[in-house]
Amino acid sequence: MDVDSWRWGLAYDQWVALPVTGSRPPARYKHAAAVVDQKLYIVGGSRNGRYLSDVQVLNLSNFSWSALKLQMNPGVENSEGNGGLVEALPPIAGHSMVKWDKKLIMLGGNLKGSSDRILVHCIDLETDTWSVMETSGKVPIACAGHSATLFGSKIIMFGGEDSSRRLINDIHVLDLETLTWDLVETKQTPPAPRFDHTAAMHADHYLLVFGGCSHSAFFSDLHVLDFHTMEWSQPQIQGDLATPRAGHAGITIDENWYIVGGGDNKNGCPETIVLNMSKLSWLALTSVKQREPLASEGISISLATIDVDKYLVAFGGYNGKYNNEVFIMRPKPRDSSRPKIFQSPAAAAAAASVTAAYALAKTEKLDFAIIEDGVSKGREVKHSQPNGTIELEALREEKANLELTLAEVHGESSKLKQEIDEVNSTHAELSKEFQSVQGQLIAERSRCFKLEAQIAELQKMLESMQSIENEVQLLREQKSALEKHMEDASSVEKQAPGGVWRWIAGGNN
């Protein structure tokens, strides 16, 4: 694939492996990834039980890999808190990472020798330095496998697993401007404690949590937290089936939430799915083979904007072997309009008319009061009355037109209602016919079972008949042998001297 023309032949909603150049980074999973200025940054991860501390960079302009050498920020202490200065980012896996301006903010993860409180690391891409951010407030305990979602200047953290393998389902919020943690109190039933899930923000109003696992189960459920009421809910989902998974990755584009990879420790999830967060409907976009890198746990997905087009970039993961390939997808622009019920012309006209009528009613009350006030003061300001009369007539004419439009909409609504009634009637008839056919099918199945039983009995009879035929054939063979034996004996007796012929001749010697 030519670096300069690779996008021309790229189909929508299909993953393509990038022909990268240079030395590939070590294969890994449970790393963190983000795209900044058309560069994909891969931080940490795990391989063969060993945590990694490197930062690998893929330049999406020429598809070349390079390693980013970080320096410590002056005064940074190591994660063990003993005051010793360190020069490299500590080995880390299972962490989360968000892009904030020209910085990469990493939360938690598995760190050797870390404290019992969660650590927040910062990579400054302008200075190529890293540091540990000193936070305060209700700092959460150290954990890994949690989700971190950026909302303005705040990071919303949910779930995870602490160093004692205790599962979490709390909501913590870190204010990046004040570096203060807060524990959010929620209502209703929260998601079951879990880790290796994904989370996303929608419309600056809702936090969505999907999938993940406990120590004994894998989830495919979707939970929504309303930040206006702080209430959890589990809405009904439409569309394609989302299979249980953990270790998957997700990214949002407008109101669409793309999910790739994941698995259940036995099989990887080969399908890439997308959730329309407004309609709460899943759609399976594409699928790969079970053992391909995209069907991996611990995979990452990032969003890259090249020129004006948006692309999904996937890297790494584990599905029986560790991966270090890069895949890219060009997502098809999707309909971001309201659900179909609001797309009906009649429904849209009805909504517009009702809105206009309501606005007119409010306007009439206000304007009539003003006009009446103007009329009462007409003796003082004589030119107010004609203007008020003209305005009143215009409003009345507009009202009449709106009422006519509303009547037409009502007529259209009546027709639609009649059509709905007809469809419901047809549905009822089809349901009855279906039940009848289903009854016939049950009867036919019963008849088939009886026929199968009769066939089995006949097969047994045939087997017994075959045995009888074998015995008859044996008897025939025995009879044939006996007859032949008798014929042979008779022939011998005839040929003997002084036999029968001598007896017939009457001779005694």
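The values are calculated or read from the model by the stated rules, or taken from the named source; none is laboratory data. The structure displayed is predicted, hence computed values, not measured ones. Note that we place each Cβ from the backbone using ideal geometry, even for glycine, and neighbour counts take in every protein chain shown. Side chains included, ligands, DNA and RNA excluded: accessible areas come from the protein's heavy atoms. Shrake-Rupley method; radii C 1.70, N 1.55, O 1.52, S 1.80 Å.
Take the Cα of Asp124, go 7 Å toward its beta carbon, and the backbone nitrogen atoms of segment 54-73 under 16 Å from that spot belong to 69-73. Considering only protein heavy atoms and a probe of 1.4 Å, how much of the accessible area of segment 274-332 is carbon and sulfur, as a whole percent? Roughly 47 percent of what the probe reaches on segment 274-332 is carbon or sulfur.
Note on Leu150 and Ser436: with the Förster distance fixed at 51 Å, the Cβ-Cβ geometry gives a FRET efficiency of about 0.35.
Just the number, please: carbon plus sulfur as a percent of the accessible area of segment 157-224, 1.4 Å probe, no ligands or DNA/RNA counted. Result for segment 157-224: 45 percent of the exposed heavy-atom area is carbon or sulfur. Annotation: extensible slack from Leu475 through Lys399 equals 16.3 nm (criterion: 0.36 nm per residue apart, minus Cα-Cα distance).
Each residue was assigned an accessible area with a 1.4 Å probe, and for Glu255 the value is about 20 Å². Solvent-accessible surface of segment 422-484, taken per residue with a 1.4 Å probe and all protein chains present: 95 Å². Return the FRET efficiency for the residue pair Ser287, Glu444: r is the Cβ-Cβ distance, R0 is 45 Å, and the value is rounded to the nearest 0.05. For R0 = 45 Å, the calculated efficiency reads 0.80. Exceedance of the 21 Å cut-off in Cα-Cα distance is limited, within the set Lys30/Lys266; Lys310/Lys332; Lys99/Lys332, to Lys99/Lys332. Per residue, the solvent-accessible area of segment 106-256 (1.4 Å probe, heavy atoms of protein chains only, all protein chains present) comes to 44 Å². What is the calculated FRET efficiency for Leu10 to Tyr206, with r their C-beta to C-beta distance and R₀ = 35 Å, to the nearest 0.05? Efficiency, rounded to the nearest 0.05: 0.65. Kirkwood analysis of the Cα pair distances in segment 89-188 returns a hydrodynamic radius of 13.7 Å.
These residues, Ile420, Ile168, go from largest to smallest accessible area, 1.4 Å probe, as Ile420, Ile168.
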